[in-house]
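**Q** Can you keep this structure in mind? I'll have questions shortly.
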Amino acid sequence: MAVMASTANMLIAFQPNNNANLRKLQPPPSISSSLTTPRKSINSTTLCKATTSTISTNDSSLASTITELQETPSPPKQPQPDISSVWRKLHGEDNWVGLLDPMDPRLRTELIRYGEMAQACYDSFDYDPYSKYCGSCRYPREEFFELLDMRHLGYSVSRYIYATANINLPKFFRRSRWPHKLWSQHANWAGYVAVSDDETTKKLGRRDITIAWRGTVTHVEWVADLMNYLRPISPEVACDDPEVKVEAGFLDLYTDREPTCGYCKYSARQQVLAEVKRLIEKYEDEEVSVTITGHSLGSAMAILSAFDIAETGLNVKKENKSVHVSVITFSGPRVGNLRFKERLESKHGIKVLRVHNTHDMVPKSPGFLINETSPEWLFKLAQGLPWSYTHVGVDLELDHKNSPYLNPNGDSACAHNLEAHLHLLDGYHGRKREFESSSGRDVALVNKDCDFLRDEESVPPAWRQDLNRGLVRGPHGRWMQPDRPTLVHDHPQDTDLHLNQLGLL
């Protein structure tokens, strides 16, 4: 005998992927519509109102029809403050003297802003080995910030950066488990170049070109893959001092290319230099800055590319007008030796601010035994050795044990987490000052990809998930992985022209 249940309304609350655009749920879409519609980000809790249907004892499954999708409003985004009169100081003109302790609120806002641009590399990267697009960016370049709910930044992406997977850094490169469906045999998406729009440029006091490098998605394990020996940066990067040396794996990642692959037929180095040159020429009559950011391995790429931009002379415009180049990194490793540091800072005047958690192990590598913290006599004696490293720039040290929201016994992956660094920045006011949130930044973001918050916060670990692992129902009701808009190589047509002018082809 069939038992009939009266129609009732159920209110279901769930937390969707921070970077997925959930459209209004409708009857199963046709293949054409499901394959071409992008997915936008929803940062707030989404409420679905479902209506239960008649339940029969002859049918063991409960059929539910989604009748309505309602979105709660996203929290207001902080507008970009006007820093047009002080931007040079905030970007290291005086090496951040007097701005770090106590923390200048405008500098804090700048650091978090660039940290979010680095975090966008993680939030948009497809690291799912069960996806045929594993290793690529989830979103089209033209809609990158829109689909990440970051339009308030006032930037647009001008170029994606790809790196070849031919080198020995397996923790950085991700591949699909479906080898017959790989979008590329050799490439991984490595970051992007973006430029500020007109309105934001007025508030910033200059046209800002930002380069954001993706780090590793496996937290701290990648350090074990480093070759851990120094190699002359020349001839890969033109430098007349043969004693300037950097970690060999970083240099390979930056300069290697695969001529048979459309995505990485140019090295990451060539892609970045060509785009920076193109943008500086495009905004020739404006004041321009280049700001480079990255987390973890992306931090090393940021410092390398800043050195390269200066060494190549891209930071000098016509009539010897200089382009201010600064680097803001998070939880980055050491990159090179003392001669590299001296040339970067003294000869080229590159300003680097390194933000890190004192309990994180990555900034202590490579050069764990011999580095800038070693006794002076030992450090000088070891300069010729291939494992004598030193950090560059100015250091801003944070401590996660000062935050009342974080588990003081969090593991190494938690201590390395970028969202945790941004949380700590939000509450940092000086070395001997108590933690106090300055902007009300959502603490739940810390647990987006880790388990770092205290249980009292009631935020589940690693809550950022794809709805149904990215599967959708096809026209016949079968679950399938939809195709994305065709991935294009996206190299500007004038890339060869700019590289030829730089002598790089």
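**Q** Is it true that LEU251 is surrounded by 22 or more Cβ atoms within 10 Å (Cβ to Cβ), touching a strand residue (DSSP E or B) at 6+ places or on another chain (Cβ under 7 Å) and of a type outside the set (Asp, Glu)?
**A** yes
**Q** When only residues in the range 450-505 that are polar (S, T, N, Q) and at positive phi count, which is least open to solvent (accessible area, probe 1.4 Å)?
**A** Taking the candidates together, the pick is ASN468.
For every residue, the table says whether it meets (1) open to solvent by 10 Å² or more (accessible area, probe 1.4 Å); (2) of a type outside the set (Gly, Ala, Ser).
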| site | (1), (2) |
| --- | --- |
| HIS356 | yes, yes |
| PRO366 | no, yes |
| LEU378 | yes, yes |
| ALA382 | no, no |
| TYR389 | no, yes |
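**Q** Regarding ARG464, is this residue outside any loop (DSSP other than H, G, I, E, B), out of contact with any His (no Cβ under 8 Å at 6 or more places or on another chain) and among the charged types (D, E, K, R)?
**A** Criteria not met by ARG464.
**Q** So, one more: Could you identify the single residue in LEU297, LEU304, LEU344 that is surrounded by 23 or more Cβ atoms within 10 Å (Cβ to Cβ), within 29 Å of HIS498 (Cβ to Cβ), modelled with pLDDT under 95 and hydrophobic (A, V, I, L, M, F, W, C)?
**A** Just a single option satisfies the conditions, and that option is LEU297.
**Q** OK, next. Among the numbered criteria (1) at pLDDT 95 or above; (2) outside any loop (DSSP other than H, G, I, E, B); (3) more than 20 Å from the chain's Cα centre (by Cα), which one does ALA420 miss?
**A** That leaves (3) as the condition not met.
**Q** Next question. Among the residues of the range 329-377, which ones are among the hydroxyl-bearing types (Ser, Thr, Tyr), touching a strand residue (DSSP E or B) at 6+ places or on another chain (Cβ under 6 Å) and not in a loop (DSSP other than H, G, I, E, B)?
**A** The one that is among the hydroxyl-bearing types (Ser, Thr, Tyr), touching a strand residue (DSSP E or B) at 6+ places or on another chain (Cβ under 6 Å) and not in a loop (DSSP other than H, G, I, E, B): THR329.
**Q** Which one is farthest from LYS265 (Cα to Cα) among residues in the range 142-166 that are out of contact with any Ser or Thr (no Cβ under 8 Å at 6 or more places or on another chain), in contact (Cβ under 8 Å) with a residue 60 or more places away in the chain and open to solvent by 30 Å² or more (accessible area, probe 1.4 Å)?
**A** HIS152
**Q** Find the residue count for the range 308-345, including only residues that are over 18 Å from the mean Cα position of the chain (by Cα) and within 11 Å of VAL392 (Cα to Cα).
**A** Total satisfying the criteria: 12.
**Q** For the range 391-417, name all the residues that are without any contact (Cβ under 8 Å) to a residue 60 or more places away in the chain, buried (at least 22 other Cβ atoms within 10 Å of the Cβ) and assigned to a loop (DSSP other than H, G, I, E, B). Step through it out loud before you land on a result.
**A** Step one: of the range 391-417, the residues without any contact (Cβ under 8 Å) to a residue 60 or more places away in the chain are 391, 395, 397-411, 414-415.
The next check asks that each one be buried (at least 22 other Cβ atoms within 10 Å of the Cβ); those that pass are 391, 398, 400, 403, 406, 410, 414-415.
Correct list: HIS391, SER403, GLY410.
**Q** In the range 338-382, which residues are in contact (Cβ under 8 Å) with a residue 12 or more places away in the chain and polar (S, T, N, Q)?
**A** Of everything in the range 338-382, those that are in contact (Cβ under 8 Å) with a residue 12 or more places away in the chain and polar (S, T, N, Q) turn out to be ASN357, THR358, SER365, ASN371.
**Q** Does the range 301-328 hold any residues that are out of contact with any strand residue (DSSP E or B) (no Cβ under 7 Å at 6 or more places or on another chain) and farther than 18 Å from ALA194 by Cβ, and which are they?
**A** PHE307, ASP308, GLU311, THR312, GLY313, LYS317, LYS318, GLU319, ASN320, LYS321
**Q** For the range 477-502, how many residues meet the condition of being outside any strand (DSSP E or B) and either without any contact (Cβ under 8 Å) to a residue 60 or more places away in the chain or charged (D, E, K, R) (or both)?
**A** Looking only at that region, the number is 11.
**Q** Within the range 90-137, count every residue that is outside any loop (DSSP other than H, G, I, E, B), open to solvent by less than 10 Å² (accessible area, probe 1.4 Å) and under 21 Å from HIS429 (Cβ atoms).
**A** 6
**Q** Considering each residue of the range 148-167, count those that are under 15 Å from the mean Cα position of the chain (by Cα) and in a helix (DSSP H, G or I), and give that number.
**A** Number of matching residues: 1.
The values are calculated or read from the model by the stated rules, or taken from the named source; none is laboratory data. Because the structure is predicted, anything quoted here is derived from the model rather than measured. All Cβ positions, even for glycine, are placed from backbone atoms using ideal geometry, and neighbour counts span all protein chains on display. The area values use the complete protein model at the heavy-atom level, side chains included, leaving out ligands, DNA and RNA. Shrake-Rupley method; radii C 1.70, N 1.55, O 1.52, S 1.80 Å.
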